[in-house]
Amino acid sequence: MNMQERNRIFRDFVEHLKSDFDISLGARMEELAQSRPGQVAITSREEEVTYGQLNQRANQYAGYFSSAGYQRGEAVALLMENSVDAFAVVIGLNKLGITAALINMNLKKSSLAHDINLCDASALLVDAGYIGQVEEVKDYLRMKVPGEILVRGMQNSEIPEGMEAIEDKLSRTLETGNPPSTESIKSFEIAAYVFTSGSDGYRKNVPVTHQRWLLSGKALQLFTGMKEDSIQYMCLPFHLNSGFSACFASMAAAGCTLALEKEFSATSFWKDVSRFNADHFFGVGEMLRYIYLQEPSEMDKAHGLITIISNGISEELVEPFKERFGVKHIIETYATTENVGIFMNLEEIPGMCGNLNLAGIRQGEVVAYDSINDKIITDSYGKAVKCAPGEVGLLLCEINESNNFEGYINDTGQGESLILQDVFNPGDRYLNSCDLLQLHQEDYLSFEQKLGPVFRWKGMSVSTYKVADVIKKFFGAIDDAFVFGEKVPGYEGSCGMAVITLLEGEQLDWKKFNNYIKRRLPVYKRPVFIRVTGAKPLEEELKQRYREEGADPRVIAENSSDEIYVYDLSREEYIPLTGELYSDIVDHRFKV
């Protein structure tokens, strides 16, 4: 199929979604179960299920939640790892018009309670491996009635008080037929909640409609050549928008097989891809670089992987990766978690993250931006000035029938603040992406940086405020902390760097601090570098100096006697950073 034909099919699909509202996630999965019941839907280390079996299990979950009195429009929070059941629960809930809130399994303590509470959920379904995290915050959860905490993978006799085993309840659910409500669910209803740090660093709850899920899936399936007989390897967490709205949605759009792994492993990547015979893979952030840094082996080309859909690969890595591993296509994409606009580098131009057009449909504009005064540059008529090729500006994503902005749940003010109106013409509406991108010839785009106190590391957005808050709450010698994103040569995004001051006369107990950081922050949020300074307070002039000096201990030593540390992933602790060790980091001999 040539590009012209793909463009036509996509435009027709967009028009179809505008007029046909009787289409949803649950209805699509039911359709696949009826049209190809015996085809493998999901295969993993633990089990393999066909579309018919997956749909039956989804109906069993739907049967339980329906019989227990859960209603359309409610939400159920899910703290679940990648598994067949995670997919089945989401499908089953959607057939009832119940929203699945996808909670990050890495969250702990106040962060975990915060995200669950944002959902206004009527229940929490948790995998057995995470009940310890839930037990710690159980008394701080605010859920609607009945407020059940259901556990998958354990018997009631083993579960802490206040939780119940879902398996026991499912065993009493005899009805596994398709719920009558499935066909009544509308495309503009909410299928799932995903979470983002947004532009200001505070986590927000983003609703994903059925329409948006279907549209994202169709675009990825169509423009990456995914077919019914394709096998897509998925090791991204299901709770990520990339897991839910990219991997799952494109699998459903193609009606293909999803090869599911619980987590990403660079060392076993090619072995897993080969074992599953996968031909498609979706990778984010540093995944591809970690794969490339592995020692060459006979597995490098002993696989059938054809296409990688990427979000965050560096320009200099694209061609070497293709050549070494024999991968034909690496298609870079860009998207906001707010789900406005779809940007794809279909020409596979190294360094480009997308294009302002998809199938001839304009997705947004790059406009001139005054970084010093934090405002869009306008002309004499008060209209935004569009950038010319070669210029860096603020990406605005057009809000329309196909790319609607649903705002944030329980945080309407923040959502409204991102909507810009009458930007170019009366009545137009755009979403402020809070990202600076460079515009190139023929409307191609390359990513420059995020605005605001947020950085991206290992494919994840990290709030500098949140990390600083965790550090300052350490019960010990810390007086103040300042966190920012530090660029490391050769790495995608920016890692966390913290500057901390100590109380007068105090010293930091690094052993206790290491244990505290490991308990409170997942690995991608932990500062890679920590600078301990005697200067205080941390005034803005000093903060700017710290940003400029960065993490190179040789630069820091020229201007101060401050100590600098780096997080050693192998030892899971902070160690002194020397000039030699910093060179090893830059040359990728020491992994961060």
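Go through segment 184-218 residue by residue and tally those that are surrounded by fewer than 22 Cβ atoms within 10 Å (Cβ to Cβ), charged (D, E, K, R) and modelled with pLDDT under 95.
Number satisfying all stated conditions: 2.
Tally up the residues in segment 43-59 that are crowded, with 19+ Cβ neighbours inside 10 Å and in a helix (DSSP H, G or I), please.
Residues in segment 43-59 being crowded, with 19+ Cβ neighbours inside 10 Å and in a helix (DSSP H, G or I): 7 in total.
Can you tell me which residues in segment 471-490 are assigned to a strand (DSSP E or B) and in contact with a Ser or Thr (Cβ under 7 Å, 6 or more places away or on another chain)?
First pass over segment 471-490, keeping only residues assigned to a strand (DSSP E or B): 478-486.
Scanning segment 471-490 gives Asp479, Asp480, Val483, Phe484, Gly485, Glu486.
Taking Gln221 as the residue in question, decide whether it is within 21 Å of Val49 (Cβ to Cβ), surrounded by fewer than 24 Cβ atoms within 10 Å (Cβ to Cβ) and over 17 Å from the mean Cα position of the chain (by Cα). Reasoning before the result, please.
Working: within 21 Å of Val49 (Cβ to Cβ): yes; surrounded by fewer than 24 Cβ atoms within 10 Å (Cβ to Cβ): yes; over 17 Å from the mean Cα position of the chain (by Cα): yes.
In short, yes.
Is there any pair linking a residue in segment 250-270 that is modelled with pLDDT under 95 to one that is in a helix (DSSP H, G or I) and not hydroxyl-bearing (Ser, Thr, Tyr), with Cβ under 8 Å and at least six apart or on different chains, and which?
From residues that are modelled with pLDDT under 95, the pairs are Phe264/Met287; Ser265/Asp272; Ala266/Met287; Ala266/Ile291.
What's the number of the only condition in (1) modelled with pLDDT of 95 or more; (2) over 27 Å from Thr196 (Cβ atoms); (3) within 26 Å of the chain's Cα centre (by Cα) that Val84 fails to meet?
With (1) modelled with pLDDT of 95 or more; (2) over 27 Å from Thr196 (Cβ atoms); (3) within 26 Å of the chain's Cα centre (by Cα) applied to Val84, the lone miss is (2).
Pick from Val90, Val40, Val14: which is surrounded by 20 or more Cβ atoms within 10 Å (Cβ to Cβ) and in contact with a strand residue (DSSP E or B) (Cβ under 9 Å, 6 or more places away or on another chain)?
Numbers: Val40 fails: surrounded by 20 or more Cβ atoms within 10 Å (Cβ to Cβ); Val14 fails: surrounded by 20 or more Cβ atoms within 10 Å (Cβ to Cβ).
After ruling out the rest, the residue left standing is Val90.
Search segment 180-192 for residues that are more than 28 Å from Asn104 (Cβ to Cβ) and pair each with any residue that is assigned to a helix (DSSP H, G or I) and small (Gly, Ala, Ser) when their beta-carbon atoms are under 7 Å apart and the residues are at least 6 apart or on different chains.
That search, which allows pairs on different chains as well, returns Thr182/Gly26; Thr182/Ala27; Glu183/Ala27.
Let me spell it out: the conditions are (1) crowded, with 22+ Cβ neighbours inside 10 Å; (2) over 18 Å from the mean Cα position of the chain (by Cα); (3) in contact (Cβ under 8 Å) with a residue 40 or more places away in the chain, and Ser230 meets all of them except one. Which number is the exception?
(1)
Only one of (1) touching a residue at least 60 places away in the same chain (Cβ under 8 Å); (2) assigned to a helix (DSSP H, G or I) fails for Gly69. Which number is that?
Going through the list (1) touching a residue at least 60 places away in the same chain (Cβ under 8 Å); (2) assigned to a helix (DSSP H, G or I), Gly69 breaks only (2).
Checking Gly490 against (1) touching a residue at least 60 places away in the same chain (Cβ under 8 Å); (2) touching a strand residue (DSSP E or B) at 6+ places or on another chain (Cβ under 6 Å); (3) among the small types (Gly, Ala, Ser), which single condition isn't satisfied?
That leaves (2) as the condition not met.
The values are calculated or read from the model by the stated rules, or taken from the named source; none is laboratory data. Fair warning: this is a prediction, and the values are worked out from it, not measured in the lab. Ideal geometry is used to build each Cβ from the backbone, glycine not excepted, and the neighbour counts take in all protein chains shown.
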